[in-house]
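A.B. asks: Encoded as structure tokens, here's the structure I'll be asking about.
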Amino acid sequence: MVRRCKRCVLPETYPGIRFNNDGVCNYCLNHKPVMYEGESALLNILNDNRNKGQDYDCIVPVSGGKDSAFVLNQVKEVYRMRTLAFHYDSGFVSRQAKENLRNIIKTLNVDFVIVKSSRDTQRHCLSNSIRTWTRNPSAESLPTLCYGCKNGYLGGAYRIAKEKKIPLIIVGDALIENAQQMRRQTALMPHRLVIISLALKFLKNPFYLNPHYIHDYIYAQMEFPLPKNENDGPIRILHFYNFVKYDQQKILSTVEKELNWKKMEGFVSTWRFDCEIHAVLEYMLEKRFGFTEKDEFYSEAIRNGEMSREEALERLRLERDPKVISRRRAIMHKVFDKLNLSEKERYIILNCKSLIDS
């Protein structure tokens, strides 16, 4: 039986976790509530950028997930901004996410632009990262799965904003999501300085110095370069959920009723299904470390009073239902097919160990 925190649901296998005498983890004991800047501050920024652009006041990146759909709806319908919707097609967008995008755009009657890599950067980066890791699978790490995506959706939106003279980019990443990701990444780093941690990772697996890996990594950064400063210059980046409370129930109710948004059939959670790569990440996290992103996300939701511990435990139980696991594995193999992985490489990923160790 896995020991879990008595206040949240993080398991004893979580990186850096410690329990006090009452069974409460250090992440709960050190938790600081999310502080939102408030709607009045949001309105000030929106009004400052209203009618400043040539054809649009803002551009909103959308993935097909509920969070960005809610942001697009609020910005266009509630705050009445002249809005351009933007989507970065990584090549790994789920079927349901694509359907949601069509429904959202049609319902809101909003202008829409899709950007793809000129040379399938995301697939090249992911393929090289996974293949490099399988050459020497490390017990302390996982292959880097998402490093091309931020450049695609944020750098891509920035490029379109410059081309169309749009003064504001409004993104729908959540503070509680960013907090838990940063916590895990920091806990897994062998050194507190990122550059030294990367150097140590390369030393443990010299295959990361492969010219193809380095070339694709640099190309991913250059094709859709990120702005140097999010709040300085002619284009500002606004994080919607830094201002407005991240209310899961309100978000889900709004997008389902008003935008004909649907979650993936057969799945429990509405979170992170829009990208097929996350099925691989979820599997490898659980296989290697005994937890998934859901354990993190639900724990952060508990700490912020958005979910009870009992509800989180029930969701985690349902997430591990054999039918749900089977659907997730089917998506994983779909990703493996897109990457043309060999049977040996698939074995190493599915077992998180080399053939020699098995």
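The numbers here are math on the coordinates, done by the rules we state, and not lab data. Note that the structure is a prediction, hence the values are computed from the model and not measured. With ideal geometry, Cβ positions are generated from the backbone for all residues, glycine too; neighbour counts draw on all protein chains shown.
A.B. asks: What full-extension length gain, to one decimal in nm, is calculated for residue 109 and residue 51 as 0.36 nm per residue of separation minus the Cα-Cα distance?
C.D. replies: Values: separation 58, 0.36 × 58 = 20.88 nm, distance 1.93 nm.
Separation in residues times 0.36 nm, less the Cα-Cα distance, equals 19.0 nm.
A.B. asks: Which whole-Hz couplings ³J(HN,Hα) result when phi for each residue of the stretch 340-349 is put into the Karplus expression 6.51 cos²θ - 1.76 cosθ + 1.60, θ = phi - 60°, listed in order with x for Gly and Pro?
C.D. replies: 6, 6, 6, 4, 5, 5, 5, 4, 4, 5
A.B. asks: Taking K and R as +1 and D and E as -1, what net charge do the other residues with C-beta under 12 Å from the C-beta of residue 318 add up to? Mind dumping the intermediate values first?
C.D. replies: Details: positive: 294, 315, 317, 320, 323; negative: 311, 314, 319, 321.
Combined, the nearby Lys, Arg, Asp and Glu give +1.
A.B. asks: Work out, step by step, the length gained on full extension between residue 3 and residue 287: first 0.36 nm times the residue separation, then minus their alpha carbon distance; give nm to one decimal.
C.D. replies: Working: separation 284, 0.36 × 284 = 102.24 nm, distance 1.66 nm.
This chain segment gains 100.6 nm when fully extended.
A.B. asks: Rounded to the nearest 0.05, what FRET efficiency is calculated for residue 29 and residue 304 with R0 set to 22 Å and r the Cβ-Cβ distance? Walk me through the intermediate numbers first.
C.D. replies: Values: r = 15 Å, r/R0 = 0.69.
Efficiency, from the Cβ-Cβ distance: 0.90.
A.B. asks: At what distance in nm do the modelled label points of residue 21 and residue 343 sit from each other, each positioned 7 Å from its Cα along Cα→Cβ?
C.D. replies: Rounded to a tenth, the inter-label distance reads 5.8 nm.
A.B. asks: Would you list 104, 218, 277 from fewest to most Cβ contacts within 10 Å? Intermediate values should be presented prior to the final figure.
C.D. replies: Values: 104 25, 218 10, 277 22.
Ordered by Cβ neighbours within 10 Å, fewest first: 218, 277, 104.
A.B. asks: Give the calculated FRET efficiency between residue 159 and residue 98 to the nearest 0.05, with a Förster radius of 30 Å applied to their Cβ-Cβ distance. Could the numbers behind the result be given before it?
C.D. replies: On the way: r = 22 Å, r/R0 = 0.74.
Rounded to the nearest 0.05, the efficiency is 0.85.
A.B. asks: Please give the net charge around residue 216, taking every other residue with its beta carbon less than 14 angstrom from that of residue 216, where Lys and Arg add +1 and Asp and Glu add -1.
C.D. replies: Working: positive: 119, 123, 131; negative: 120, 223.
Taking every other residue near residue 216 into account, the sum is +1.
A.B. asks: Using 0.36 nm per residue, how much length does the chain from residue 89 to residue 116 gain when fully extended, once their Cα-Cα distance is taken away?
C.D. replies: Working: separation 27, 0.36 × 27 = 9.72 nm, distance 0.52 nm.
That pair, residue 89 and residue 116, stretches by 9.2 nm at full extension.
A.B. asks: Among the listed pairs 150/353; 116/162; 116/344; 52/162, give every one whose C-alpha distance is greater than 22 Å. Each step should come with its number before you reach the end.
C.D. replies: Values: 150/353 28 Å; 116/162 17 Å; 116/344 30 Å; 52/162 13 Å.
Beyond 22 Å between Cα atoms: 150/353; 116/344.
A.B. asks: Within the stretch 1-105, list the GluC sites (Glu not before Pro) lying in a DSSP loop whose Cβ has at most 15 other Cβ atoms in a 10 Å radius. Working shown, then result.
C.D. replies: Numbers: sites: 12, 37, 39, 77, 99; in loops: 12, 37.
Here the GluC sites (Glu not before Pro) that fit, given the DSSP loop and packing criteria, are 12, 37.
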